[in-house]
Amino acid sequence: MAMRQTGPKGFKRTSALLQPSIRRASESRGFSQTRLLTHWPEIAGESIAAIARPVDISYGRHGMGATLTLLTTGAQAPMLEMQKESLREKINAVYGYNAIVRIRLTQTAPTGFDEGQADFTHRHEAAPAAPAPETLVRAGELVAPVTDDSLRAALEKLAQNVLTRSKKDRP
């Protein structure tokens, strides 16, 4: 068992030493995990992305072909099981070769412990709604005595946020 030392002559974990070599080998074969994670809705399609997400990619003993692990809810697993082969073909079409040889499903409940919660929705951040004109006027009146321009602007923004906060959010 390797001891942990913080000095320059200390030991490093084997995984830290091998990680760059493994990454180079996988990227030289055209397989980059980040592409699959960042472009999941485009690769799998919106219907599958809504019910499943990739959580792990593991390589076989000989290094050719990988197993993709998808997280889904128990109710969606049978439907996803029937679509595994077409999904595998879509993923491999992106890479241009047989990068994924197997897809494995793992299930979780939609509610429960933090580790087990599944959220498959791909939300786009909505632009915040503009405050009402009377809120802008009231916020301007509250910070009018402040002489520093940057401080006044920051306080005005804070006042707008406080004044527009809903009553249910207030303590």
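Annotations for the structure displayed:
- Conditions (1) surrounded by 17 or more Cβ atoms within 10 Å (Cβ to Cβ); (2) closer than 13 Å to THR106 by Cα; (3) modelled with pLDDT of 90 or more; number of the one not met by LEU87: (2)
- The residues listed here are ALA44, ALA50; of these, the one that is at pLDDT 75 or above, exposed (fewer than 15 other Cβ atoms within 10 Å of the Cβ) and hydrophobic (A, V, I, L, M, F, W, C) is ALA50.
- Test: residue in the range 113-133 that is over 20 Å from LEU37 (Cβ atoms), in contact with a helix residue (DSSP H, G or I) (Cβ under 9 Å, 6 or more places away or on another chain) and at pLDDT 85 or above: yes
The values are calculated or read from the model by the stated rules, or taken from the named source; none is laboratory data. This structure is a prediction, so every number in the text was calculated from the model and none was measured. In this analysis, Cβ positions are derived from the backbone assuming ideal geometry, glycine residues included, and neighbour counts consider all displayed protein chains.
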